[in-house]
Amino acid sequence: MMGSWPKRNWIYLVSLMLLLLGSVILAASVGAVSIPADVVARIFLKGVSGFSSRGWPETYEVILLKIRFPRVILAAMVGMALAVSGVAFQGIFKNPMADPYIIGVSSGAALGATIAILVLGGWVGVFGFSLVPLLAFSGAVATTLLVYNLARVGSRVPVTTLLLAGIAVGTFLSAITSFLMVLGGKDLHAIIFWLMGGFSAKNWDHVKAVAPFIFLGLPISLVYSRDLNLLLLGEERARQLGVEVESLKKILITVASLLAASAVAVSGIVGFVGLIIPHMVRLVTGPDHRILIPCSALFGASFVILTDLLARTIMSPTEIPLGIITALFGAPFFIYLLKRGGKATF
Amino acid sequence: MGCALRIGEIHCGYGDGREVIKGISLAVEEKEFLGIIGPNGCGKSTLARAACGVLGCSHGEICINGKNLKDLSTREIARTLAVVPQDFHTEFAFTVHEIVSMGRSPHLRRFQSETKADVDAIEGAMRATNSLHFAEKRITELSGGERQRVIIAQALAQEPEILILDEPTSHLDINYQLEIMELAKRLNGEGLTVLTVLHDLNLASAYCERLVLLNDGEVFADGSVDEVLTPENIGKTFGVDVLVHRNPVTGKRYITSIPRIYASSNSEGIRVHVICGSGTGAVIMHGLKEMGCYVSAGVLNVLDTDEEIAEKLGIEVVAEAPFSPISDETFGLNMGAIEGADLVVLTNIPVGAGNFRNLLAAKKALEMGKRVVLVEETPIGERDYTGGRATRLLEKMHQQGAIIATDSREVFEIMERMSTCLT
């Protein structure tokens, strides 16, 4: 808003970038084979700049470039997507309890993935993908469109009807998913595992699929950060201050839904990230979206990298679904926020 | 002076097809201070929302500075016209400075950061609203009055030509109400056109130059405060009886309502004649009426406060011409009223040559065998302007068995006792 872009904002940004860098290196170095951090850093630099040096076993390079880097980078992107999507939905709904799944992205994606696993399970994927992410993405986008159109009153999209339509459609789709699962029998395990989210067996193709959404969605969200601030004062007030509220909402709903859908498509349903990351960041930076959005993106990325690290190391070699870890962290924090009650500052 | 805001025969309403505004035309001159008043549901807030373009009209058009609102973008509108809502709430803890700065957004391009002019506008707005000293506080921590000042500062940061206030004081204590209205008045003096919706008629009278009284979605009256705030207009639109007084210092009108009377049947049929004047009888007449008595009053001068109130209460009054001593004829009429009464009350009136005969009437009533209550809140010596004649007369009445009451509450107690004896 102000010319006063406080100096402390730079401090937040720089510290979170360092945190993200640290998380990437840590997550890449820890695993069944542990790789020293400096080697990780050098292989990373080599990958980025093509600068060639040697002095490490070739296996390290293979493990990092084929397995850990794609996984870590994918985790970072999913974290960014979910956190920024959460910020946007909380702004649109003027409600700090909104999350990226609020208008049916998760239930649509779940149904899509279930259909892919159960009905089309034998098919080989297109474009090198399995069908699961493709159908999950389609399901998420189709559900969002459906909810959006159900909620539309003329040319306006009131947030209450959006919320109600989201809940109604979500419940309906979840029922179908459950029904398919009952019929599913032998594939149940695969579905449940997908629903709980995670990054096992993800590769560079997944990264390439999500990247465009992040690289478009993040800047667009930033462009509208000033308008998002005004939106938090209420739609009518925002209009009185010159914001074209309805078109703003349409753009933001599109961007936020696509971010969430792309994340869900490659990672399954990872809960709580989109809810708690904006919260934690807001407690430090305040609600100004110009700093909240980039900080949430950086912190969300670090958070998902680190929780994914826990998910694959705590009970190694068994991998715990990521959704379980984020919920184990997320739920107590959510309760803590609720219990702070009247004192809460969002 | 040109026309800042012109509203031409607009109709508007909400989704359910109900029309709230049924054809309103209105022209607000530049630098005018216009108040919109009217009973709840008359459409005054809806009119404010339509005027700033938040609510669309089904018919008619609204122009600011001669340009149709429909041809302007919301940003363009926000550069000319700012709105102060009734109250505003956000769960998000922006600082006061951040909130006020948002008022600049219609002037800023997308990635443009603030210029010196913007910073000055923000600071000026906070200074005008006396909110600079809590600029770094969070909006969620402020009191209602402070929050309202901040939202006005936000509107001022827009540097508008027209300011629309929608019941800006309705959630505030009286001290803040006055502060906000004084601020609006000052800004108006500095050249801002102000249109304010008000539900408090006295605030409207005190601050507005011109008033528009709405009723059921239409303009009922439009003109100066004196033309609009008449008991007739208020009675017809609000459905209440009011007294219109003038503030003796400012000459502005102020309004007091007369509570509706829900007569109990306790003292039904008891006839009471009240001898009063200068407002000493108002409470007693109202109270007796409420107890179910049949009340008459006299002699009262026309234009006297008690006379106005008696009229409103539907009490039969023996009246004398304004500022005239009691003539033989009215004295006679008064005695006639007394003859028909079961009880006579002489209130705590100051007595002078003009109304001395009212005292005589009370004494005569006593001699006729009527029960007479003398209200003596202040000793007669302090309100005797007849050189002691009134004091002597009153002393005599004491000896003749008049009942003494020290205030109006005691009069009602005496009435209670009497009604149990009589029925």
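The values are calculated or read from the model by the stated rules, or taken from the named source; none is laboratory data. In this text the structure is predicted, and so the values were computed from the model without any measurement. Virtual Cβ from ideal backbone geometry, glycine too; neighbours counted across all protein chains shown. Surface accessibility is based on the protein's heavy atoms, side chains included, excluding ligands, DNA and RNA. Shrake-Rupley method; radii C 1.70, N 1.55, O 1.52, S 1.80 Å.
Observations on the model:
- When B:ARG6, B:ARG79 are checked against the criterion of being open to solvent by 30 Å² or more (accessible area, probe 1.4 Å), within 14 Å of chain A (Cβ to nearest Cβ) and not in a loop (DSSP other than H, G, I, E, B), B:ARG79 stands alone in meeting it.
- Condition met for B:LEU163 (part of a strand (DSSP E or B) and either free of Cβ contacts under 8 Å to residues at least 12 places away in the same chain or not β-branched (Val, Ile, Thr) (or both)): yes
- Residue identified as in contact with a Phe, Trp or Tyr (Cβ under 7 Å, 6 or more places away or on another chain), open to solvent by less than 10 Å² (accessible area, probe 1.4 Å) and within 14 Å of chain B (Cβ to nearest Cβ) among A:LEU248, A:LEU259, A:LEU230, A:LEU322: A:LEU248
- Among the residues here, B:LYS31 qualifies as open to solvent by 40 Å² or more (accessible area, probe 1.4 Å) and not aromatic (Phe, Trp, Tyr).
- From B:ASP71, B:ASP87, B:ASP118, residue being of a type in the set (D, E, K, R) and touching a residue at least 60 places away in the same chain (Cβ under 8 Å): B:ASP87
- Candidates B:GLU114, B:GLU146, B:GLU61: the one that is within 14 Å of chain A (Cβ to nearest Cβ) and of a type in the set (Asp, Glu) is B:GLU114.
- Matching residues in the range A:215-235 - criterion: being in a helix (DSSP H, G or I) and modelled with pLDDT under 90: A:GLU235
- Condition check for A:THR171: touching a Gly at 6+ places or on another chain (Cβ under 6 Å), closer than 23 Å to A:VAL270 by Cβ, modelled with pLDDT of 90 or more and in a helix (DSSP H, G or I): no
- Test: residue in the range B:61-69 that is modelled with pLDDT under 90, assigned to a strand (DSSP E or B) and open to solvent by less than 30 Å² (accessible area, probe 1.4 Å): no
- Lone qualifier among B:LYS185, B:LYS137 - being more than 26 Å from the chain's Cα centre (by Cα), at pLDDT 90 or above, of a type in the set (D, E, K, R) and open to solvent by 10 Å² or more (accessible area, probe 1.4 Å): B:LYS137
- Qualifying position, being buried (at least 18 other Cβ atoms within 10 Å of the Cβ), under 30 Å from B:PRO85 (Cβ atoms) and touching a Pro at 6+ places or on another chain (Cβ under 6 Å), among A:GLY274, A:GLY286, A:GLY242: A:GLY242
- Options A:VAL169, A:VAL182, A:VAL157: the member that is over 20 Å from the mean Cα position of the chain (by Cα) and surrounded by fewer than 18 Cβ atoms within 10 Å (Cβ to Cβ): A:VAL182
- Tally of residues being surrounded by fewer than 17 Cβ atoms within 10 Å (Cβ to Cβ) and either more than 7 Å from every other protein chain (Cβ to nearest Cβ) or over 22 Å from A:GLN90 (Cβ atoms) (or both) across the range B:88-109: 2
- Test for B:THR391: is it hydroxyl-bearing (Ser, Thr, Tyr), closer than 20 Å to B:ILE326 by Cα and open to solvent by 30 Å² or more (accessible area, probe 1.4 Å): yes
- Residues that are in contact (Cβ under 8 Å) with a residue 12 or more places away in the chain, open to solvent by 80 Å² or more (accessible area, probe 1.4 Å) and in contact with a Ser or Thr (Cβ under 9 Å, 6 or more places away or on another chain) within the range B:394-423 comprise B:GLU416, B:LEU422, listed in sequence order.
- Single condition B:LEU72 does not satisfy, out of (1) more than 10 Å from chain A (Cβ to nearest Cβ); (2) within 32 Å of the chain's Cα centre (by Cα): (2)
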